[in-house]
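The values are calculated or read from the model by the stated rules, or taken from the named source; none is laboratory data. Bear in mind the structure is a predicted one, so any value in this text is a computation, not a measurement. So basically every Cβ, Gly included, is an ideal-geometry build from the backbone, and we count neighbours across all protein chains shown. When the accessible area is computed, the model is the full protein with side chains, heavy atoms only, and any ligands, DNA or RNA have been set aside. Shrake-Rupley method; radii C 1.70, N 1.55, O 1.52, S 1.80 Å.
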Amino acid sequence: MENLLVTGGAGFIGSNFVRHVLAHTDLTVTILDKLTYAANLGSIEHLPSDRCRLVIGDICDAGLVDELASTHDTVVHFAAESHNDNSLQDPSPFVQTNLVGTFVLLEAARKHDLRFHHISTDEVYGDLELDDPQRFTESTPYRPSSPYSATKAGSDHLVAAWTRSFGVQATTSNCSNNYGPWQHVEKFIPRQITQLIDGLRPKVYGEGRNVRDWIHVDDHSSAVLAILSDGQIGQTYLIGADGERSNREVVGALLTIFGREPDDFEHVADRAGHDLRYAIDPTLLRTELGWKPRHDDVETGLAATVEWYRAHEHWWRSAKVSTERKYEGQEQ
Ligand code: NAD
Ligand code: TDX
């Protein structure tokens, strides 16, 4: 492994992974990113130009992907349409990027004999009851709920089929909800932090009983690097850090950080088909690869994330304006 092609490297997790790789390895990186609304060039500026370059382009462009594949040995595939709410408004780019784009990359990996790592989500497993003692494992059946998670599930199946039928050297990871710096303000935690910075109330869908299993984005990146280095070809790894919190708990913690009452939030219309709970059992990753999260306290991680958003308003302000305009029509 010498030259990584990282798709979606100008997005939240992809850019974190690129920084992580540059800091912890000698690898060189090419980012392939279409620069959709979700990308932010500010997330990848100041990276060393002798080890990292950006190619602006679409993973569905087979000619471009083939050309890049011929000069790299490894693909780490983050690029996706990633936001559930958007997939409910217009599923079409989700089908195109998440399914067709993954197909195009797999065909290039097959032709050029590349190592392929596919980034996916725990949402492919559907949801759990609040009191279910089980958590998701590598053998939990697929049961996606939203157009987003259905297209991610489909992309996982494509990777598994290309491995079994064509011998592509692939691994897949399904991670839980990430938080941390550089996350787009459409997502739950940065949306609420920026509401609070603006002196407004957080907006909680429905009753806010839904539970997510939060992991710091740095820990997602270290897990992916561990899988790339030592993972078994054909294996799926679940990535999680035992960070289950209800949405009300997260909002309560953020309100407390801002010195406000923990119930000073607004209930808005619930998301259609809203998954109740996600929870990951990361035993395989921990035992087989010896991986451990560095950030094991969500509340400490939230406080640091609040500080980051306070200090980086120039990075998020214009996206905040367009995002809230988009949400306005959905939350009557
Ligand atoms: P993001 O929306 O912040 O970034 C996605 C990036 O992909 C953007 O830079 C965008 O420009 C790029 N992109 C989109 N379509 C493209 C295309 N057709 N061609 C090239 N580039 C394209 O997403 P994220 O939150 O960083 O998620 C990254 C990956 O991790 C996704 O595959 C997502 O499913 C997965 N994931 C995310 C989470 C989470 O909590 N955010 C959790 C588990 C898994
Ligand atoms: O304003 C909000 N209010 C609210 O209550 C928003 C934006 C969200 N929510 C709720 C919905 C969810 O229960 O917060 C929870 C988290 O919402 P999102 O940030 O939209 O994340 P989620 O739908 O759980 O999906 C995320 O984790 C899995 C990522 O967006 C996916 O890309 C990843 O696969």
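Kindly provide the set of residues from region 273-295 that are touching a helix residue (DSSP H, G or I) at 6+ places or on another chain (Cβ under 9 Å) and part of a loop (DSSP other than H, G, I, E, B), ordered by number.
The answer is G273, H274, D275, Y278, A279, P282, G290, W291, K292, P293, R294, H295.
Would you pick out the residues in region 254-280 that are surrounded by fewer than 18 Cβ atoms within 10 Å (Cβ to Cβ) and among the small types (G, A, S)?
G259, A269, A272, G273, listed by residue number.
Could you tell me which of the residues V251, V224 is surrounded by 22 or more Cβ atoms within 10 Å (Cβ to Cβ), in a helix (DSSP H, G or I), among the hydrophobic types (A, V, I, L, M, F, W, C) and more than 16 Å from ligand 1 (Cβ to nearest atom)?
Going through V251, V224 in turn, the sole match is V251.
Within the set of pairs 6+ apart or on separate chains, which have a first residue in region 250-268 that is modelled with pLDDT of 95 or more, a second that is of a type in the set (S, T, Y) and open to solvent by less than 60 Å² (accessible area, probe 1.4 Å), and C-beta atoms under 7 Å apart?
V268/Y205
Give the residue that is farthest from I280 (Cα to Cα), with candidates limited to residues of region 212-221 that are in a strand (DSSP E or B) and touching a helix residue (DSSP H, G or I) at 6+ places or on another chain (Cβ under 8 Å).
H216
I'm checking my understanding of the structure. Among residues of region 113-155 that are charged (D, E, K, R) and within 12 Å of ligand 2 (Cβ to nearest atom), which one is surrounded by the most Cβ atoms within 10 Å (Cβ to Cβ)?
Across region 113-155, the extreme among qualifying residues is K152.
So D61 passes all but one of these: (1) over 18 Å from the mean Cα position of the chain (by Cα); (2) surrounded by fewer than 18 Cβ atoms within 10 Å (Cβ to Cβ); (3) farther than 22 Å from V159 by Cβ. Which condition number does it fail?
(3)
Please specify each residue of region 80-93 satisfying the condition of being within 14 Å of ligand 2 (Cβ to nearest atom) and either open to solvent by less than 20 Å² (accessible area, probe 1.4 Å) or farther than 26 Å from R53 by Cα (or both).
H83, N84, D85, N86, S87, L88, Q89
Tally the residues that are farther than 24 Å from F94 by Cα, out of contact with any Gly (no Cβ under 9 Å at 6 or more places or on another chain) and in a strand (DSSP E or B), restricting the search to region 1-44.
Here the count works out to 3.
Of the conditions (1) closer than 25 Å to A272 by Cβ; (2) polar (S, T, N, Q); (3) in a strand (DSSP E or B), T172 clears all except one; give me its number.
(1)
Yes/no matrix, rows are residues, columns are (1) without any contact (Cβ under 8 Å) to a residue 24 or more places away in the chain; (2) within 13 Å of ligand 1 (Cβ to nearest atom); (3) of a type in the set (D, E):
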| site | (1), (2), (3) |
| --- | --- |
| L114 | no, no, no |
| R143 | yes, no, no |
| S146 | no, yes, no |
| A153 | no, yes, no |
| R164 | no, no, no |
| A170 | no, no, no |
| S176 | no, yes, no |
| F188 | no, yes, no |
| K203 | no, no, no |
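Select from region 177-203 the residues that are open to solvent by 30 Å² or more (accessible area, probe 1.4 Å), part of a helix (DSSP H, G or I) and near ligand 2 (Cβ under 9 Å from one of its atoms) and list them in ascending order.
F188
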